[in-house]
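The values are calculated or read from the model by the stated rules, or taken from the named source; none is laboratory data. Just so you know, these numbers come straight off a predicted model, no measurement behind them. Cβ: placed from backbone, ideal geometry, glycine included. Neighbour counts: every protein chain shown. In case anyone asks, the SASA skips ligands and DNA or RNA and just uses the protein heavy atoms, side chains included. Shrake-Rupley method; radii C 1.70, N 1.55, O 1.52, S 1.80 Å.
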Amino acid sequence: MFFEYPHLLWLLALPVLLVLHYVFLELSGRRPHFRVSSVKPWKEGGVSLLSYLRHLPFVFRVVALSLIIVAIARPRSSTEIEKIDTEGIDIVMAMDVSTSMLARDFKPDRISAAKDIAIEFISQRPSDRMGIVVFAGESYTQCPLTTDRATLINLMKEVQTDLIEDGTAIGNGLATAVARIMDSDAPSRVVILLTDGVNNSGEVAPLTAAEIARTYGIRVYTIGVGANGTAPYPVMTPWGVETRDVQVEIDENLLKEIAQTTGGRYFRATDNTKLAEIYAEINKLEKARTTVDSFPEYKELFGRFAVAALVFLLLELLTRLLIRRLP
């Protein structure tokens, strides 16, 4: 708290002088009085309540005067406000939803882990527009570019396998993601492509989609998901669902070439922790440039002191009326 007119606080010497004057009058006996032949009846009766209450009006008046002086000195508080102008980044997450994403080398499985970590990534980037593309044997847009985090997270939660034809159309998935972002006027445009397999379907070759991305200045980060060697995978049998180890096949050379072509990077995630670290690394690489302007926001406080002064003046009035009624 500070004061707009701090020099007026010197007036607080007035209440101090009033208190000294009041004490001087009390001690010197110069208050109005009358003579009596003996003070014995008053001594025997002890100290009355009135002897204490008679000082209250003066106390309330001094407090009210002090509060009025503080109020006219215009007390204020200030809070430092930061205005941040962000250079926005548009990000499309292209996620593989083929049935191989049900493998359980991640907890509880690949697709669930990918969704949970992607949601955390979304929550950490409140200033960017983001979208979701899913692909298997074909691709489609799950969510167009938006800044609505709640909608984006809800649509990410709804991502699952078996919604479209099975397969791994990496080229189609990347091409759809590029189409969603190519007309954006954002200074930085990024696609995060996550897959656990080898391109085996689709009309668009992955490297063709990568060339299109490079033409439009779109950077692609590729993530290969899957443990090394084999991974437990749920298989339907006549006796129910059984978990069997299946060979993990990821075309790492293709994913590296896509990333290199577009100026991005390739990552390999073998478990939940590694995948979370990859998203954290991408989060650091794709930080928006910001300009921060700081300015104070002022709040006037004199009203509080003025109201308090009014309360004490009313208390003075009430105590004077009360004292008059006491015997």
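Evaluated against (1) touching a residue at least 24 places away in the same chain (Cβ under 8 Å); (2) open to solvent by 10 Å² or more (accessible area, probe 1.4 Å), Asp185 falls short on exactly one condition, (1).
Being over 28 Å from the mean Cα position of the chain (by Cα) and closer than 24 Å to Gln124 by Cβ holds for only one residue in Asp196, Asp162, Asp183, Asp166, and it is Asp196.
Does Met101 satisfy being in contact with a Lys or Arg (Cβ under 8 Å, 6 or more places away or on another chain) and in contact (Cβ under 8 Å) with a residue 60 or more places away in the chain? Taking the combined requirement at face value, the residue satisfies it. Within segment 176-233, being touching a Pro at 6+ places or on another chain (Cβ under 8 Å) and either aromatic (Phe, Trp, Tyr) or more than 27 Å from Val246 (Cβ to Cβ) (or both) holds for one residue alone: Arg180.
Here the condition is being of a type in the set (S, T, N, Q), at pLDDT 95 or above and farther than 19 Å from Ala118 by Cβ; of Thr215, Thr291, Thr230, it holds for Thr215 alone. On the basis of being in contact with an Asp or Glu (Cβ under 6 Å, 6 or more places away or on another chain) and either at pLDDT 90 or above or not aliphatic (A, V, I, L, M) (or both), does Thr319 make the cut? Considered against the rule, which asks whether it is in contact with an Asp or Glu (Cβ under 6 Å, 6 or more places away or on another chain) and either at pLDDT 90 or above or not aliphatic (A, V, I, L, M) (or both), Thr319 comes out as no. Scanning segment 119-157 for residues that are in a loop (DSSP other than H, G, I, E, B) and either loosely packed, with under 13 Cβ neighbours inside 10 Å or within 21 Å of the chain's Cα centre (by Cα) (or both) yields Gln124, Arg125, Pro126, Ser127, Asp128, Thr147, Asp148. Could we say that Leu254 is modelled with pLDDT of 95 or more and of a type outside the set (S, T, N, Q) here? Taking the combined requirement at face value, the residue satisfies it. Number of residues in segment 153-211 that are touching a helix residue (DSSP H, G or I) at 6+ places or on another chain (Cβ under 6 Å) and more than 21 Å from Ile119 (Cβ to Cβ): the value is 15. Residue check: Ala231 meets all listed conditions (1) touching a strand residue (DSSP E or B) at 6+ places or on another chain (Cβ under 8 Å); (2) farther than 16 Å from Val92 by Cβ; (3) open to solvent by less than 40 Å² (accessible area, probe 1.4 Å); (4) not in a strand (DSSP E or B) but one, namely (4). Candidates are the residues of segment 140-154 that are free of Cβ contacts under 8 Å to residues at least 40 places away in the same chain and touching a Ser or Thr at 6+ places or on another chain (Cβ under 9 Å); the one that is nearest to Glu203 (Cα to Cα) is Tyr140. Within this structure, Pro238 fails the test of being more than 30 Å from Met182 (Cβ to Cβ), touching a residue at least 60 places away in the same chain (Cβ under 8 Å) and open to solvent by 20 Å² or more (accessible area, probe 1.4 Å).
When Arg189 is tested against the conditions (1) of a type in the set (Lys, Arg); (2) more than 27 Å from Glu277 (Cα to Cα); (3) in contact with an Asp or Glu (Cβ under 7 Å, 6 or more places away or on another chain), the lone failure is (2).
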